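Okay, so here's the structure we're looking at.
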Amino acid sequence: MSNQKIKILQVLPALNSGGVEGVVSDIAKGLSHSDKFESFIVSNGGQMVYRLKEHGSTHIELPVHSKNPLKMKSNIKKLVDVIRQYNIDLIHAHSRAPAWVAQKASEITGVPFITSFHGVHGLSGPFKKKYNSIMVQGTPIIAVSGFIKDHILNNYVVRDDNIIVVNCGVDLEIFNKSAVGSARIVNLTQKWNLPMDKKIIMLPGRLTELKGHKVLIEALSKIDNDDYFCIFVGSDKGKEKYAEEIKNLIIKKNLMGKVALVGDCNDMPAAFYLSNIVVNATSTRPEAFGLTIVEAQAMGKPTIATAHGAPLETVAPDSGWLVTPNDADALAIALHEALNLTDKEYETRANKAVEWVNPKYSKTRMTDTILDIYETVFEVNYKS
């Protein structure tokens, strides 16, 4: 067995866009490019399957997204067959319903089972906590931030030394100011009709109450500064009512011509490049990691984020601002300071942001660390 590649099976609900899917994709690419590993993925399918196959992963489609007990029981048998057919050496589960299936398949086959804890799941009622608890049954458990590790230790009976913090990673070749060409900058400037004489404030993220759009609008109405243009970058994902509420609030606060909803963007590096200040003012729920904060800083952009959850770790000291959640007054003060920085002060903060991100939050560092974990688990379980 020692001369063969280590066969890793990642399990998740589906392969559409999202933070978990991005992590799985990055790991799969790292596995496929290594001479030690072979990459397998089980999901219900999705738009990312073709790309992962191109990179050398084997995808097996199973309805592991289902929470139906009968389907989950059927999925266990099917997953056991997959594990035996492909001689899988290690199972890595990234989400709860697939994890329940994967853990049972692990028990039947004797294949090691590890988990990644990607988010803060609700804990209302004993059933919910029991359902969530499958994510702490891995040996080890990978937590995407120190905040998530603390959340696990505070809410579940888990050994501290069974949790390994592996931060999500940014592709520093893509999120790099020098990699964004002028044509991309001109294209977005024209598409969004951005004013050339204003500082651009950006709030990236889908249109949902949790992202704090209303808090930002309220904060903007409190600052005595016309030297900005604010863009909300992200789709409403069918939440047309919320989008209308935002538009109505913009009108109510007399911010027409200062705030715009520009929709989805398929070139976020260029969007960050065009921005002067990036706001991640989640109003209520603390974020497990918050990749956009790190992406913005990799592009040399000072950020304003809420002082709870992972941003307490990810915002560079002396570069960005941390404000009280759901506090328009605190956000207004941070915006005022950011808009009034001198060019030298801004450059200093921008440089600190890049210097902070590069050694800590690269995609390469994330994938290398996880591949090291795989190799260690393999050696512990298969080598005497």
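Working note: 222 nm ellipticity from helices only, DSSP H runs with n ≥ 4, each -39,500 (n - 2.57), summed and divided by the residues of the chain, gives -13500 deg cm²/dmol to the nearest 500. Taking a ≥ b ≥ c as the square roots of the eigenvalues of the alpha carbon gyration tensor, region 43-173 is oblate, as a/c is not under 1.5 and a/b does not beat b/c. Compute the label zone of ASN87 within region 110-130: residues whose backbone N is under 19 Å from the point 7 Å along Cα-to-Cβ. The answer is 110-112, whose backbone nitrogens lie closer than 19 Å to the label point. Let me test this: with uniform point scatterers at the alpha carbons of region 249-384, what is the Debye-based log₁₀ I(q)/I(0) at q = 0.13 1/Å? With one equal scatterer per Cα and no solvent, log10 I(q)/I(0) is -0.65. Counted residue by residue at 0.36 nm each, then reduced by the alpha carbon distance between them, the extension gain from LYS222 to ASN16 reaches 70.3 nm. When the listed pairs LYS191/LYS301; LYS237/LYS258; LYS53/LYS130; LYS149/LYS237 are checked against a 32 Å cut-off, the alpha-carbon distance exceeds it for LYS53/LYS130.
Centre-to-centre separation between the Cα atoms of region 133-170 and those of region 299-375: 23 Å. Using 0.36 nm per residue and subtracting the Cα-Cα separation, the extra length available between SER124 and LYS177 on full extension is 14.7 nm. Averaging the sequence gap over all C-alpha pairs within less than 8 Å and six or more residues apart, then dividing by the number of residues, gives region 54-178 a relative contact order of 18 percent. Element breakdown for region 18-172 at a 1.4 angstrom probe: carbon and sulfur atoms account for 51% of the accessible area. Region 226-284 and region 190-216 have Cα centres lying 3 Å from one another.
Sorting 319-328, 191-200, 19-28 by average packing, meaning the other beta carbons within 10 Å per residue, from highest down gives 19-28, 319-328, 191-200. Cross-link reach is defined here as a Cα-Cα straight distance under 27 Å, omitting same-chain residues fewer than 8 places apart; for LYS383 the lysines meeting it are LYS5, LYS7, LYS29, LYS36, LYS104. All other residues whose Cβ lies under 12 angstrom from that of MET135 are scored, Lys and Arg at +1 and Asp and Glu at -1, for a net of +3.
Per q in 0.11, 0.14, 0.20 1/Å, what log10 I(q)/I(0) does a Debye calculation on the alpha-carbon atoms of region 124-278 return? At q = 0.11, 0.14, 0.20 Å⁻¹ the computed log10 ratios are -0.64, -0.87, -1.15. Listed by chain and number, the aspartates and glutamates whose alpha-carbon sits under 20 Å from that of LYS71, ignoring those within fewer than 8 places in the same chain, are GLU61, ASP81, GLU107.
With just the Cα atoms defining each centre, how far is region 73-94 from region 21-37? Give it in Å. Distance between centres, Cα-based: 18 Å.
What number comes out for accessible area per residue over region 1-110 if the probe is 1.4 Å? Units Å², please. Can you show the working numbers first?
On the way: 5180 Å² over 110 residues.
Accessible area per residue, region 1-110: 47 Å².
In summary, the aspartates and glutamates within cross-link reach of LYS252, defined as a Cα separation below 15 angstrom excluding same-chain residues under 8 places away, comprise GLU218, GLU244. When the Cα atoms of the chain are aligned to their principal axes, the ranges along those axes come out at 67, 45, 36 Å in descending order.
With 0.36 nm allotted per residue and the present C-alpha distance subtracted, the THR348-LYS239 stretch has 35.3 nm of extension available.
Listed peptides 223-229, 123-129 appear in the order 223-229, 123-129 once ranked by packing, highest mean of other Cβ atoms within 10 Å at the front.
The values are calculated or read from the model by the stated rules, or taken from the named source; none is laboratory data. Please read these numbers as outputs of a predicted model, since none were measured by experiment. Here the Cβ is made from the backbone with ideal geometry for all residues, glycine too, and neighbour counts use every protein chain on show. For the accessible areas, the whole protein counts, side chains as well, though only heavy atoms, and no ligand, DNA or RNA atoms are used. Shrake-Rupley method; radii C 1.70, N 1.55, O 1.52, S 1.80 Å.
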